[in-house]
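Contents: one structure, followed by commentary.
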Amino acid sequence: MPVPLAPYPTPPAPYTPPANGAQSHLVCSGCQNLLLYPVGAMSVCCAVCHAVTAVPPPGTEMAQLVCGACHTLLMFIRGATSVQCSCCHTVNLAMEANQVAHVNCCNCRMLLMYQYGAQTVKCAVCNFVTSIGASASMTEQIKYNN
């Protein structure tokens with residue numbers, strides 16, 4: 001008795017870009033270049049290094065940070081606590097805007113970012129260690145003296 005053949009699966013519908021030409025962007029997983037792609041694409045092939053980067057699902061909120069070691073722009077899904085750089089493999093802390101604060105270095109006046117609750121922060125430019133409490137009072141003194 002002949003065995004009935006199963007029908008071939010239907011191929012996925014070809015991708016058609018949105019009529020309004022909406023675009024989004026992400027960072028290439030290979031060379032770290034910024035890639036523009038039409039909204040709705042599932043992956044993007046980089047024209048420079050030919051790496052294929054998967055596009056996050058629609059509605060996924062993305063965030064960006066600059067790697068502290070090699071200064072590469074990193075994109076990650078918002079809410080992640082750490083992000084490993086694909087270039088230098090440094091693990092960077094990924095903090096939300098409400099988890100960080102800013103202070104000027106007491107030595108060179110460079111704007112520094114630190115996690116709330118920190119007692120001190122070390123400047124990456126001049127290596128001076130600024131005390132968070134002392135910095136606030138010093139800032140007040142500078143305001144009153146000028």
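From the Cα gyration tensor of segment 25-139, with a ≥ b ≥ c the square roots of its eigenvalues, which class applies: rounded if a/c is under 1.5, or else prolate if a/b is larger than b/c, or else oblate?
Details: a/c = 3.31, a/b = 2.26, b/c = 1.47.
It comes out prolate by the Cα gyration axes.
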Report, by chain and number, residues whose modeled amide H sits under 5 Å from the one on residue 94, excluding near sequence neighbours (fewer than 5 apart, same chain). 82, 83
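Rule-based calculations on the coordinates, nothing more; no lab input. Fair warning: this is a prediction, and the values are worked out from it, not measured in the lab.
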